[in-house]
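Shown next, in structure tokens, is the structure this report addresses.
The values are calculated or read from the model by the stated rules, or taken from the named source; none is laboratory data. What you see is a predicted model, and the numbers here were worked out from it, not measured in a lab. Because the Cβ atoms are built from the backbone with ideal geometry, glycine has one as well, and the counts that use them run over all protein chains shown. The area values use the complete protein model at the heavy-atom level, side chains included, leaving out ligands, DNA and RNA. Shrake-Rupley method; radii C 1.70, N 1.55, O 1.52, S 1.80 Å.
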Amino acid sequence: MKKEILNTDALPYCKGCGHDLIARHTSRALDKLGYAPLDVIIVTDIGCHGIIDKCLNTHTVHGLHGRSSALGAGISIGIEKSGKKVIVFIGDGGATIGLQHILEAARLNLNMTVVVHNNMLYGMTGGQTSGLTPSGFRTTTSAEGNPFAGYDLCSLAHTAGASYVSRIMGIGDISDKLAAAIQSKGFALTEILEICPS
């Protein structure tokens, strides 16, 4: 009997959180591509997305806020010929904090997939503006709307040298789009736009 990527249907997210969709569809994408749980290393960091670790049958590594891309890069370099797949989960807050780590991994075109959970704010700590919060978006620290434009993470990763970059809406079945990123050779980044219901 094949072991599933997720070990529970009761994921630890708030009702309506896009992180739930991303976790379920990452699992579905890996299943479509034929990955067994122990063929996958999922790296997370601080943020709501990172509480998925205990729900995974994969190898998991959990690091400091903004450092999951750096950890994923080190793992990718260390296991280059192992056949294992490195997937990094990072939020928009962590992507802002660890932006240089993402760009360096893209520049080196390391064989890893970064999935950015972009709900456009720091959800775990109260809803503050992040570097990916779009202009005009209201958060707890920008009640009148963010006065600054957010970074275009996809453009930055592409310019740095990523072999695959996409931005998708976290609505419906996104497993095929995630599978396209996961099966790409070299550095792949998929930014998933979602909403924090809290």
Could you list, in sequence order, all residues of the range 128-152 that are of a type in the set (A, V, I, L, M) and in contact with a Ser or Thr (Cβ under 9 Å, 6 or more places away or on another chain)? 132, 149
Listed by range, strands (runs of 3 or more DSSP E) wholly within the range 34-141 having at least 3 residues that are under 18 Å from residue 164 (Cα atoms) and modelled with pLDDT of 95 or more are 85-91, 112-118
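When you go through 14, 48 one by one, which is the residue that is touching a Pro at 6+ places or on another chain (Cβ under 8 Å), closer than 26 Å to residue 171 by Cβ and not polar (S, T, N, Q)?
The conditions single out 14.
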Go through the range 101-138 and give me each residue that's crowded, with 19+ Cβ neighbours inside 10 Å, of a type in the set (Ser, Thr, Tyr) and out of contact with any Asp or Glu (no Cβ under 6 Å at 6 or more places or on another chain). 113, 122, 129, 133
Here is a check on your reading of the model: is residue 57 open to solvent by 10 Å² or more (accessible area, probe 1.4 Å), in contact (Cβ under 8 Å) with a residue 12 or more places away in the chain, within 17 Å of residue 187 (Cα to Cα) and of a type in the set (S, T, N, Q)? no
From 159, 129, 133, which residue is without any contact (Cβ under 8 Å) to a residue 24 or more places away in the chain, in contact with a strand residue (DSSP E or B) (Cβ under 8 Å, 6 or more places away or on another chain) and farther than 17 Å from residue 68 by Cα? 129
Hey, can you tell me all the residues within the range 11-20 that are out of contact with any strand residue (DSSP E or B) (no Cβ under 8 Å at 6 or more places or on another chain) and either crowded, with 21+ Cβ neighbours inside 10 Å or in contact (Cβ under 8 Å) with a residue 24 or more places away in the chain (or both)? 11, 12, 13, 14, 15, 16, 17
